[in-house]
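Participant: Provided herewith is a single structure, encoded as structure tokens, for subsequent inquiry.
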Amino acid sequence: MQTFAEKKLWSLEPINEIIPPKSSGDNWSLNPIDQFVISKLSIESLPPSPRAKRRSLIRRASYDLTGLPPNPETVAEFINDPSNNVTAFAKVIEKLLESVAYGEKWGRHWLDVVRYADTAGENSDHPVEDAWRYRNWVIEAFNSDKPYDQFVCEQLAGDILAKEKKGKEFADNITATGYLAIARRFGHDIDKRMYLTYEDAIDNLGKTFLGLSISCARCHDHKHDPITMQDYYALYGVLASSRLPFPGCEPKQQPRDLVPLVTAQVIKENEAWEKELKKLESDLITRPKEKLKKIAAENHRVLSRGHLPVGKSIDVTPDPIKIDIRKGEAIQISIAPNANYGADTTLIKLKIKHESDSGKLQWSTEDLLDNLIDANPLKSKDAIWCFLDIGSEGPRFLNKKTEAIDGQSTLKKWSPGDLPSVAVNMGKESVKVWTEIPPRSFFVHPGKESPVAVTWISPVSGKINIELKMSDGHAFGDGVIWRLEHFANQEIQSAYEKLAIDKLGLAKIEEHKNKRSLRKTAYAYAMAEGIPKDYPIHNRGDNKDLGVIVKRRFLSTLGGEALGNDLSSGRLDLANLIVDPKNPLTARVMVNRIWAWHFGQGIVETPNDFGTHGSAPTHPELLDYLASEFIQNSWSIKHMHRMIMSSATYQQSANSGQSPKKYAGFERRRLSAEELRDTILYVSGILDKLPGQGHPFPPRNKWNFTQHNPFADEYASSKRSIYLMRKRNQISTFFSLFDGPDPNASTASRSQTTVPSQALYFMNDPFFHDCAEQFASDILSIGPDQRLERACQQLFSRSATQTDHEDFEAFADVLAPIVSNDSEEQDTEIWRSYARILMSSNEFLYLD
């Protein structure tokens with residue numbers, strides 16, 4: 001039996017078209033918001049407060065829109081702006097709205113509501129590696145002023161909308177559904193507790209977009225609001241017809257069902273690309289290498305080998321080595337590190353002589369001094385010289401030429417980019433680089449795991465004499481190992497030629513790589529369509545006691561339209577009905593949130609509950625006026641900021657007591673946990689303003705989280721607080737201490753506690769002390785007469801007063817004799833201590 005309140009909810013009435021009231025003699029109002037406020041104040045005989053001073057106003061606006069203090073230059077520019085107050089402040093608002101920091105501040109507001117976390121929340125609290133993509137999507141959405149109706153639809157059904165999209169727009173739509181995907185997981189084996197995850201998602205969806213506690217109808221009809229069990233399970237069917245990603249849990253450690261951020265067509269193209277790449281690498285690189293290795297192994301012998309000691313020279317062939325050779329066979333000298341890799345530069349002089357009826361022929365490495373980098377392989381006197389890496393990735397030709405080593409134009413080399421290398425000094429003078437390279441010299445340097453080889457391919461058949469001399473070119477370490485070999489297989493020339501095509505092959509492979517649309521497929525923790533079907537009621541909320549099947553549909557009190565069909569879950573239909581301008585809740589709920597995040601309280605003081613147990617609006621006409629304005633201005637959140645902040649209501653000076661609750665003044669507030677941490681980093685010069693991405697979670701193959709050994713890491717960072725990793729089952733000490741959000745439930749508004757442990761934080765916390773010390777170091781870098789002024793400008797956005805100077809001098813007089821007799825040590829400790837005092841003062845912690 002339904003037990004709804006007898007009176008229909010005010011929030012379900014259509015949004016009224018409201019004309020702002022006019023009050024006689026009203027010379028205070030700056031825009032329609034003020035007309036509503038002054039009308040109510042007049043009834044209660046309350047005068048508005050005077051306009052805040054520009055210093056207070058810019059500090060308030062900066063924190064409200066960016067979560068950071070204004071820098072002294074921006075404050076001075078505003079204070080000294082000759083424009084009237086309206087024009088000058090409008091410029092401030094626009095500049096702040098254009099800041100990247102705006103999305104970081106307002107994205108954090110949204111993440112509070114949607115209970116964002118980087119862990120799953122089940123017994124072992126598994127990491128969610130890709131949750132950050134949704135977080136960053138939210139930030140970008142606020143910065144780009146994404147229309148709120150689109151913002152909502154993409155979060156509920158972005159994967160369905162993405163079917164018509166490509167590239168970044170496709171990826172963004174997929175990522176947006178992280179909103180639903182981050183719903184909390186429960187229990188030991190989360191696959192067996194998905195009904196609780198669906199409840200969590202329905203609960204948040206109802207509160208976030210509609211301001212209704214729909215999940216109260218899981219076990220029975222809502223006792224006070226017009227929501228039935230049938231309504232609940234109609235929406236349950238929509239979620240259960242969708243596929244949520246699996247984050248991992250104790251019995252099933254690995255995640256699954258993540259969603260690729262490229263289209264199915266791109267995935268298909270990538271698979272074809274990878275198949276072609278493997279074929280190219282096999283045909284152009286792998287097979288030639290294997291063939292060369294095979295041919296070289298079939299008929300070769302070592303002519304000489306040994307160890308070249310550090311700092312020594314050696315004549316390997318005091319008597320030339322005489323062998324028979326055939327055209328196309330090869331002689332190779334290779335150099336490898338000895339036991340310890342390091343200073344292995346080795347000078348080589350290799351000569352090969354041949355006599356025949358046609359005369360005497362000679363080939364030498366000295367022939368290559370002037371034209372080494374012309375080519376590799378390099379033809380010289382009909383012989384072919386090859387410069388090779390014969391390490392684990394080889395054999396391969398050194399394919400990158402360097403015209404000037406370390407800026408020395410006479411030093412040239414071939415290498416793969418670093419080492420190994422084959423090089424020359426073609427100049428007539430020695431060159432000092434990492435070592436001294438003699439003039440007119442040929443030298444090589446092996447890599448740590450890559451011996452280097454110089455190969456000569458014979459252009460003749462007959463007897464040859466081989467002469468080889470070597471010298472250590474860098475007298476340090478333990479020398480190198482050398483091998484002189486004869487590859488007595490005429491096929492080796494063609495094998496080298498085939499390998500030489502490797503360079504052309506690399507070019508072809510590189511060309512192929514450049515055609516690829518995506519080097520690596522990224523995945524999002526996001527939604528996908530599942531198997532569409534309707535689901536039964538769980539009698540009394542018991543998932544094993546099933547009742548009648550309920551068709552998927554919208555809430556009956558909002559029309560009860562059907563959602564989905566045999567081919568779709570209904571999420572897109574749901575999204576469209578939520579943002580339908582005729583829906584009386586969506587716009588009201590969001591403009592109330594925006595108002596609350598500016599004023600510290602909503603027009604409806606329960607932003608997540610527009611039901612019977614929620615508060616009635618204090619200014620119902622103003623709420624409807626703002627809701628209409630929101631819809632008529634393309635659901636622009638930034639438009640609402642401009643309207644609210646340009647009002648005289650917002651620009652009032654701060655007051656205490658009950659007056660600010662009725663908007664007869666602005667209510668002072670303490671910095672939020674994120675604002676406090678970010679400001680401490682900012683004024684210390686430590687804040688890293690670059691956007692954050694993922695977190696350094698342990699690799700998946702190391703995951704073995706359990707109920708008794710859950711994921712519990714903490715990751716230090718100097719980035720803004722929105723980018724910090726947030727765990728569900730263990731909130732960090734700092735955010736717990738300063739009233740941060742609970743990632744297990746929607747946080748509509750932050751509570752504010754004042755407890756002794758907060759003061760102890762400023763007294764004892766190492767992070768705070770380090771930041772204060774860094775701030776003091778900056779202050780100490782300027783002249784003594786300027787220090788207090790800079791400190792006040794940086795911390796309080798104002799000049800130092802006479803009282804400030806007197807307080808500092810009194811503090812210094814007491815502390816100095818205790819610290820040291822050395823004046824420099826006194827200065828350092830005084831400012832370290834005073835920085836902590838200033839950075840824990842109420843003026844620093846509170847906003848007017």
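Participant: Does LEU788 fit the bill of being hydrophobic (A, V, I, L, M, F, W, C) and under 22 Å from SER56 (Cα atoms)?
Facilitator: In short, yes.
Participant: Quick one: GLU329 ticks every box in (1) surrounded by fewer than 21 Cβ atoms within 10 Å (Cβ to Cβ); (2) under 13 Å from VAL460 (Cβ atoms) bar one, so which box is it?
Facilitator: Every listed condition holds for GLU329 apart from (1).
Participant: Which of (1) in contact with a strand residue (DSSP E or B) (Cβ under 8 Å, 6 or more places away or on another chain); (2) touching a residue at least 40 places away in the same chain (Cβ under 8 Å) is the odd one out, the single condition ARG256 does not satisfy?
Facilitator: The single condition ARG256 does not satisfy is (2).
Participant: Report whether or not ILE348 is part of a strand (DSSP E or B), over 46 Å from the mean Cα position of the chain (by Cα) and closer than 14 Å to PRO451 by Cβ.
Facilitator: Answer is yes for this residue.
Participant: I would also like to ask the following. SER313: in the same structural domain as TYR341 (by TED's automatic domain parsing) and hydroxyl-bearing (Ser, Thr, Tyr), yes or no?
Facilitator: yes
Participant: Could you count how many residues in the stretch 312-345 are more than 57 Å from the chain's Cα centre (by Cα) and in a strand (DSSP E or B)?
Facilitator: The qualifying residues number 6.
Participant: Sticking with this one: Anything in the stretch 574-585 that is of a type in the set (A, V, I, L, M) and assigned to a loop (DSSP other than H, G, I, E, B)? List them, or say none.
Facilitator: VAL579, LEU585
Participant: Okay, next question. State whether the residues of the stretch 301-308 include one that is part of a helix (DSSP H, G or I) and open to solvent by 50 Å² or more (accessible area, probe 1.4 Å).
Facilitator: no
Participant: Moving on. Considering only the stretch 553-593, state which residues are surrounded by 23 or more Cβ atoms within 10 Å (Cβ to Cβ) and either farther than 16 Å from LEU212 by Cα or at pLDDT below 95 (or both).
Facilitator: The answer is ARG553, LEU563, GLY564, SER569, GLY570, ARG571.
Participant: Give the stretch 592-647 a look and list any residue that's at negative phi, among the aromatic types (Phe, Trp, Tyr) and assigned to a loop (DSSP other than H, G, I, E, B), or say none.
Facilitator: The answer is PHE610, and nothing else.
Participant: A follow-up question, please. Mind checking which residues of the stretch 401-415 are touching a helix residue (DSSP H, G or I) at 6+ places or on another chain (Cβ under 8 Å) and surrounded by fewer than 11 Cβ atoms within 10 Å (Cβ to Cβ)?
Facilitator: Once the filter is applied, which keeps residues that are touching a helix residue (DSSP H, G or I) at 6+ places or on another chain (Cβ under 8 Å) and surrounded by fewer than 11 Cβ atoms within 10 Å (Cβ to Cβ), the stretch 401-415 yields only GLU403.
Participant: Do we have LEU780 as closer than 28 Å to SER672 by Cα, surrounded by 11 or more Cβ atoms within 10 Å (Cβ to Cβ) and either at pLDDT 95 or above or not charged (D, E, K, R) (or both) here?
Facilitator: no
Participant: Continuing with this model, one more query. So how many residues does the stretch 84-95 have that are open to solvent by less than 30 Å² (accessible area, probe 1.4 Å) and out of contact with any Lys or Arg (no Cβ under 7 Å at 6 or more places or on another chain)?
Facilitator: Number satisfying all stated conditions: 3.
Participant: Tally up the residues in the stretch 175-214 that are farther than 23 Å from PHE151 by Cα and open to solvent by 10 Å² or more (accessible area, probe 1.4 Å), please.
Facilitator: 10
Participant: In the stretch 471-491, what count of residues is obtained for those that are over 17 Å from SER334 (Cα atoms) and among the aliphatic types (A, V, I, L, M)?
Facilitator: Count: 1.
Participant: Checking the structure you have, find out if any residue of the stretch 102-109 is surrounded by 22 or more Cβ atoms within 10 Å (Cβ to Cβ), in a loop (DSSP other than H, G, I, E, B), in contact (Cβ under 8 Å) with a residue 60 or more places away in the chain and touching a Lys or Arg at 6+ places or on another chain (Cβ under 7 Å).
Facilitator: no
Yes/no per residue for (1) open to solvent by less than 10 Å² (accessible area, probe 1.4 Å); (2) touching a residue at least 40 places away in the same chain (Cβ under 8 Å):
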| position | (1), (2) |
| --- | --- |
| PRO82 | no, no |
| GLY121 | yes, yes |
| SER124 | yes, yes |
| TRP132 | no, yes |
| ARG135 | yes, yes |
| ALA141 | yes, no |
| TYR148 | yes, yes |
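Participant: Additional query: State which residue pairs qualify: first residue touching a residue at least 12 places away in the same chain (Cβ under 8 Å) and inside the stretch 786-802, second residue acidic (Asp, Glu) in any location, beta carbons under 7 Å apart, and separation of 6 or more residues or different chains.
Facilitator: From the stretch 786-802, the pairs are LEU788/ASP804; CYS792/ASP804; PHE796/GLU843; ALA800/GLU789.
Participant: I want to confirm something. Restricting to the stretch 40-54 and keeping residues that are surrounded by 12 or more Cβ atoms within 10 Å (Cβ to Cβ) and without any contact (Cβ under 8 Å) to a residue 40 or more places away in the chain, which single residue is farthest from LEU623 (Cα to Cα)?
Facilitator: ARG54
Let's see how each residue does on (1) over 27 Å from TRP132 (Cα atoms); (2) among the acidic types (Asp, Glu):
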{"site": "ARG670", "(1), (2)": "yes, no"}
{"site": "ASN704", "(1), (2)": "no, no"}
{"site": "ASP713", "(1), (2)": "no, yes"}
{"site": "SER721", "(1), (2)": "no, no"}
{"site": "ARG728", "(1), (2)": "no, no"}
{"site": "SER751", "(1), (2)": "no, no"}
{"site": "SER757", "(1), (2)": "yes, no"}
{"site": "TYR761", "(1), (2)": "yes, no"}
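Participant: Another question, if that's okay. Can you confirm whether the stretch 542-552 contains a residue that is under 30 Å from SER659 (Cβ atoms), at pLDDT 95 or above and of a type in the set (A, V, I, L, M)?
Facilitator: Looking for residues that are under 30 Å from SER659 (Cβ atoms), at pLDDT 95 or above and of a type in the set (A, V, I, L, M), one finds none in the stretch 542-552, hence no.
Participant: Also: Among the candidates GLN601, GLN632, single out the residue that is touching a strand residue (DSSP E or B) at 6+ places or on another chain (Cβ under 8 Å) and surrounded by fewer than 22 Cβ atoms within 10 Å (Cβ to Cβ).
Facilitator: GLN601
Participant: Applying the selection to the stretch 554-573, what residues are in contact (Cβ under 8 Å) with a residue 12 or more places away in the chain, outside any loop (DSSP other than H, G, I, E, B) and more than 31 Å from the chain's Cα centre (by Cα)?
Facilitator: Selection gives SER556, THR557, LEU558, ASP573.
Participant: Now for a different question. Look through the stretch 353-395, keep the residues that are of a type in the set (D, E, K, R) and not in a loop (DSSP other than H, G, I, E, B), and return whichever of them is surrounded by the fewest Cβ atoms within 10 Å (Cβ to Cβ).
Facilitator: The selected residue is LYS360.
Participant: Now a separate question. Before we move on, is ALA217 over 20 Å from ALA176 (Cα atoms) and of a type outside the set (Asp, Glu)?
Facilitator: Considered against the rule, which asks whether it is over 20 Å from ALA176 (Cα atoms) and of a type outside the set (Asp, Glu), ALA217 comes out as yes.
Matching residues to (1) in contact with a Lys or Arg (Cβ under 9 Å, 6 or more places away or on another chain); (2) outside any helix (DSSP H, G or I); (3) surrounded by fewer than 22 Cβ atoms within 10 Å (Cβ to Cβ):
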site	(1), (2), (3)
CYS216	yes, no, yes
LYS223	no, yes, yes
PRO226	yes, yes, yes
ASP231	yes, no, no
ALA234	yes, no, no
GLY237	yes, no, no
PRO251	no, yes, yes
ALA272	no, no, yes
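The values are calculated or read from the model by the stated rules, or taken from the named source; none is laboratory data. For clarity, every value in this text was computed on a predicted model and none was experimentally measured. We place every Cβ from the backbone using ideal geometry, glycine too, and count neighbours over all the protein chains shown. These accessible areas exclude ligands, DNA and RNA; they are computed on the full protein's heavy atoms, side chains included. Shrake-Rupley method; radii C 1.70, N 1.55, O 1.52, S 1.80 Å.
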